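Scroll down for the structure; my scribbles are underneath it.
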Amino acid sequence: MSPVVKRKGERFTLPSKYLLFILTILCTIMMLVTFGTNVFNRPFNRVVGYVIVPFEQGIAKAGEWLANRSDELVQIRTLLAENSALKEQVASLTEENTLLQQDKYELNELRGLLELDEEYGDYNKIGARIISRDSGNWYSSFVIDKGSNDGLADDMNVIAGGGLVGRITSVGPNWSRVTSIISDNSNVSGMTLATGDNLIVSGDLQMMAQGVIPFSKLVDSQDAVAEGDKVVTSDISDKYLPNILIGYISTINKDTNNLTKSGYLTPVVDFEHLSEVLVITDKKQQVPGGGADGE
Amino acid sequence: MENNSSFLRKIVVVLLILLFFVLQCSVFNSLAMGGIIPNLMIILTSSFGFMRGEKEGLLIGFSCGLLCDIFFGSFLGFYAMVMMYIGFVNGKFSRIFYPEDIKLPLALIIVSDISYGLICYILMFLLRGRFHFPYYFTSVILPEALYTIVVTIILYPLILKINQKLEEKEKRSAQKFVS
């Protein structure tokens, strides 16, 4: 008997076993194909961009409105107390500001001398709102409400609050997915700002709960790196622009091989309460022909 | 007539999948407890699996998984495959399913969610050298399963009701077709 049964001689039905088999093969093919290339991404991203993203934008807006209202109610009392404290702070800050302004003139002069202006030149940025977060509990990524229509593309860096959030890993016409640096599948090449030593910052689910990110492979033969040092993205990273602040070293240990050091750093970005991010539309200059994906 | 009602079912199921996905990504993310969100896709997949049989279970699982893949997967097809098998296995239990009985659905959903967690752990974490299984089990898999079951108690009657309404409609149109 043929496995594909014709039921009641009228409609052609496929037994679920065979459907399962066919779809399994389809999934395997898709996995293999998308592992290396992104042929399917474009049409799929386009479709879901028009079907789902509008809902998500609506819900995100409504949710934000509700959260704002409830926050307002809670905060009114604390705001009053805060207000008087802030007024005092304003006074002291104005004083500080004048001092800093003096420093700034000095800094500009020195920078001019060193001709570093171009290297530290401002990047072009676009603001975006987070409209949905990862549907699972394993990785940490989110979707923002801007996409290729706004000029975004894969591998653009995302920052918030002066620190690195992550990079864009998938783009649709009106949405893009950002994989954050605390996500378990993310690695960032960084360096300590003070000494210029390279290290690898790798996201870890287990450490995420404690608010720190592990780093490893820090070669620091002179023991110059200390707790509290700033860690920025390195010059040699192939996806991240240089000198974006990642965080501060909180603990540092010598590895058992006595050559490298590892430890934890505290990110400057508050990943729990992100709602708006900035996307840097300048991309790291790629070496032509050097295509190996290092993430 | 028969075509008409099965068309209605398709529309309703597609809308349910979209609704659950959007809810999971936005609303339930703000209701996260300790950073853990419930897995609504599992609830939908396995309840349609044991209510309607293997075929519908695996198709709904496949589409739910594919949505997760497109938005959050590092490559297409992984979640789709896992969810598809979960829907298929749940469909095997449609023979002993009665709408009045809530114990079987709850048991099936919790087992589905735990096995989903285990599969994800093994394929995405264990293979990358993350060996600290007790941590991942107690702080991701188990809380997710518990939260999912709590949400199931609220959402499952709703899914059941929608399905019963659809089945009623199908039966009525089938009778009209016969007479």
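The values are calculated or read from the model by the stated rules, or taken from the named source; none is laboratory data. This is a predicted model, so every value here is computed, not measured. Don't worry about glycine lacking a Cβ; one is built from the backbone with ideal geometry, like all the others, and counts go over all protein chains shown. In case anyone asks, the SASA skips ligands and DNA or RNA and just uses the protein heavy atoms, side chains included. Shrake-Rupley method; radii C 1.70, N 1.55, O 1.52, S 1.80 Å.
Descriptive notes on the structure:
- Put B:Phe71, B:Phe78, A:Phe12, B:Phe93 in order of accessible area, highest first, and with a 1.4 Å probe you get A:Phe12, B:Phe93, B:Phe78, B:Phe71.
- Summed over the residues of chain A and divided among them, the accessible surface reaches 59 Å² per residue at a probe radius of 1.4 Å.
- Rounded to the nearest angstrom and listed largest first, the equivalent-ellipsoid semi-axes of segment A:118-211 from its Cα gyration tensor are 23, 20, 10.
- Helical segments meeting 24 Å axial Cα length and Kyte-Doolittle 0.0 threshold in chain A (DSSP H): A:16-36
- The value of relative contact order for segment A:95-233, using C-alpha pairs under 8 Å at least six residues apart, is 15 percent.
- Among A:Ser176, A:Ser234, A:Ser275, residue whose mean-square fluctuation peaks in a GNM of chain A (springs only between Cα atoms under 10 Å): A:Ser275
- Reduction of at least 40 Å² in accessible surface, 1.4 Å probe, comparing all protein chains with the chain by itself, residues of segment A:51-65: A:Ile52, A:Glu56, A:Ile59
- Across chain B, the relative contact order, built from alpha-carbon pairs under 8 Å that are at least six residues apart, equals 25 percent.
- Mean sequence separation of contacting Cα pairs (under 8 Å, at least six apart), scaled by the length of chain A, corresponds to a relative contact order of 15 percent.
- Largest mean-square fluctuation among B:Ile36, B:Ile60, B:Ile110, in a Gaussian network model of chain B whose springs join Cα atoms under 10 Å apart, belongs to B:Ile36.
- Order of exposure, largest accessible area first, which applies to B:Phe125, B:Phe75 with probe 1.4 Å: B:Phe75, B:Phe125
- Solvent-accessible area, 1.4 Å probe, carbon plus sulfur percent, for chain A: 56 percent
- With the biggest extent put first, the Cα atoms of segment B:1-56 measure 48, 20, 11 Å across the principal axes.
- Alpha-carbon gyration tensor eigenvalues x 5, square-rooted, for segment B:8-125, Å: 21, 16, 15
- The A-B contact accounts for approximately 4300 Å² of buried accessible area, totalled over both chains at a 1.4 Å probe radius.
- Eligible lysines near A:Lys254 by straight Cα distance, threshold 17 Å, same-chain separation 8 or greater: A:Lys217
- Normalised by residue number, the volume inside the convex hull of the Cα atoms of the protein assembly as shown is 200 Å³ per residue.
- Among the listed pairs B:Lys55/B:Lys171; A:Lys230/A:Lys284; A:Lys61/A:Lys87; B:Lys103/B:Lys169; A:Lys104/A:Lys283, those beyond 23 Å (Cα-Cα): A:Lys61/A:Lys87; B:Lys103/B:Lys169; A:Lys104/A:Lys283
- Number of partner chain Cβ atoms within 10 Å, mean per residue of B:142-149: 1
- Spatial separation of Cα centroids for segment A:80-94 and segment A:216-258, in angstrom: 36 Å
- Across segment A:167-274, Cα-Cα pairs farther apart than 19 Å form 43% of the total.
- Chain B: most fluctuating residue of B:Ile17, B:Ile37, B:Ile70 per GNM, C-alpha cutoff 10 Å: B:Ile70
- Over the protein assembly as shown: helical MRE at 222 nm, DSSP H runs n ≥ 4 each giving -39500 (n - 2.57), nearest 500: -16500 deg cm²/dmol
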